[in-house]
1. How many residues does the stretch B:186-197 contain that are surrounded by fewer than 16 Cβ atoms within 10 Å (Cβ to Cβ) and more than 11 Å from chain A (Cβ to nearest Cβ)?
2. For the stretch A:1-26, how many residues are more than 14 Å from every other protein chain (Cβ to nearest Cβ) and modelled with pLDDT of 85 or more?
3. If a residue must be modelled with pLDDT of 90 or more, more than 7 Å from every other protein chain (Cβ to nearest Cβ) and in contact with a helix residue (DSSP H, G or I) (Cβ under 6 Å, 6 or more places away or on another chain), how many such residues does the stretch A:51-94 contain?
4. Which condition number does residue B:217 fail, the rest of (1) more than 24 Å from residue B:66 (Cα to Cα); (2) in a helix (DSSP H, G or I) being met?
5. Can you find a residue in the stretch B:121-140 that is closer than 19 Å to residue B:280 by Cα, surrounded by 19 or more Cβ atoms within 10 Å (Cβ to Cβ) and either out of contact with any strand residue (DSSP E or B) (no Cβ under 8 Å at 6 or more places or on another chain) or modelled with pLDDT under 85 (or both)?
6. Name the single residue, out of those in the stretch A:72-100 being assigned to a loop (DSSP other than H, G, I, E, B) and surrounded by fewer than 19 Cβ atoms within 10 Å (Cβ to Cβ), that is nearest to the chain's Cα centre (by Cα).
7. Here are B:242, B:329: which of them is outside any helix (DSSP H, G or I) and at pLDDT 90 or above?
8. May I ask you to say which residue of A:219, A:250, A:236, A:276 is at pLDDT below 90 and on the phi > 0 side of the Ramachandran plot?
């Protein structure tokens, strides 16, 4: 219901003056706005919008699912473009009541979905042609990267989201991590589990990953290679024997924005290095 | 004065004078803070401009109108009600269990409400689309309320035998129920996807950010019943402070008292938790601050707790909404960060009085 409501707003988009106070919610949306060269029109972002670094200078209206209606209104936006799942619903409803156009663009982990997201954002910003150009170049870039990836030996890749407390949270099926692994010519080692889940040590042994993939950032995600390979579940895997671990920036790897080609190329490169 | 036979008579009358003055001071403070809260927010808009425009019949900026009348005003109302309801329920629970650590959670209402909310967040998508659409964002509050009530009914029937409710059994059964509920919540957390996990976390931290008029109107009657009904229990709770047999000798029907107290608390807390999530702290700290300053007489305690609870929650919400503007902190965090050290400080200064 919500989605159809949002789509109807999308259709009924006012085509009068160009919105020049745009609030961008969601890391990939912000990246697209920058890639379209329309960043001058941004007045705010959410806390997941951390690329490019300039974006972090914009006022941060908080986490995408926990927007404060008055906080959002305080940056005085005349257009809000958001990834799926902005909330709470009460806040979104109040923003509608205050007559702020609110456009939600669909998320997805396929080439089609990324291109559609680019076109949707461009349409919202009323720069449809730039959007087509960007979609074409992202598509070409991704095709090229996939061509490279096609030559990669299909390794079993285990994406580890966190090893906090010695318990491994890994990516199952239908996750952004699983999608990017497959685009890069790898194979998600964890099958039969949906989403990001804590998995048992035995399940990891059975998954027998050739490579471990992790996000490159501080905090509990930054387990050192030694710690990682000393973990009882991982120690017995082929990845530990070859000491194969790939670390990549989280937003690049899992963002599914305009840099998806770069993400695939980088990951495919790392994977073929491991295989070679 | 019955409850105070153990207190020196002169002190008691001093204290009741103090309590009356505190009541006046808190009422004035509540009015002032309520008005102030309408002036505070991320947009920096002042209600005076909007009201001036309305009075003069000038066209009003729609956004300003939404900010004042649809964001800040319902939020203030919800803060008043939730703060008062939680603080009063705390007083009633501590009186009923004759235990200074009792909080509204003891009747199982918070645990049950939490489970209801978690079930709604994680499994809400499985409802037939028609039901989901009709419920909209009321689904979580309604589920929380129903969950709260179901667990109170369960606890009450477990601990009531032959027309007598044993508070000790209720306490223990409450612990068992809380363990069961937390296990069920754990299962839901395991099933939840990333987005739902975030929602769960934020729900647990509590917030008044989702305040809308429809929520206020739906939850207000139940909280008002709790807030205004509780003072009727004052004499009974004062009697109960001397122990159940003594209260019976004073002609208090202890069973009816218990039943009403539990009913009022579940109504008030169930509604409060449903609309604002898990806001802790108020139910314990407010009653103790007041006992430390004005003594244990429930006639004053219940009214003062309502006033002070509302004041503290509105103050915390004012901080929550501007401190990281344009984003917003969950109010539970603000409450604990400001309230924790403050409460410790009071305790250190007046620990001699704690032997209640």
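The values are calculated or read from the model by the stated rules, or taken from the named source; none is laboratory data. None of the values given here were measured: they were computed from a predicted structure. Cβ atoms come from the backbone with ideal geometry, glycine included; neighbour counts cover every protein chain shown.
1. Summing the residues that are surrounded by fewer than 16 Cβ atoms within 10 Å (Cβ to Cβ) and more than 11 Å from chain A (Cβ to nearest Cβ) in the stretch B:186-197 gives 2.
2. So the answer is 3.
3. Summing the residues that are modelled with pLDDT of 90 or more, more than 7 Å from every other protein chain (Cβ to nearest Cβ) and in contact with a helix residue (DSSP H, G or I) (Cβ under 6 Å, 6 or more places away or on another chain) in the stretch A:51-94 gives 4.
4. Tallying (1) more than 24 Å from residue B:66 (Cα to Cα); (2) in a helix (DSSP H, G or I), residue B:217 fails exactly one: (1).
5. Keep residues of the stretch B:121-140 that are closer than 19 Å to residue B:280 by Cα, which gives B:140.
So of that shortlist, the ones also surrounded by 19 or more Cβ atoms within 10 Å (Cβ to Cβ) come out as B:140.
Narrowing the set further to residues that are either out of contact with any strand residue (DSSP E or B) (no Cβ under 8 Å at 6 or more places or on another chain) or modelled with pLDDT under 85 (or both) leaves B:140.
There is at least one residue in the stretch B:121-140 that is closer than 19 Å to residue B:280 by Cα, surrounded by 19 or more Cβ atoms within 10 Å (Cβ to Cβ) and either out of contact with any strand residue (DSSP E or B) (no Cβ under 8 Å at 6 or more places or on another chain) or modelled with pLDDT under 85 (or both).
6. First, the residues of the stretch A:72-100 that are assigned to a loop (DSSP other than H, G, I, E, B): A:75-78, A:84-88, A:98-100.
After this cut, where a residue has to be surrounded by fewer than 19 Cβ atoms within 10 Å (Cβ to Cβ) as well, the list is A:76, A:78, A:84-85, A:99.
Numbers: A:76: 27, A:78: 25, A:84: 12, A:85: 13, A:99: 29 Å.
The selected residue is A:84.
7. B:242
8. Checking each option against the conditions leaves just A:219.
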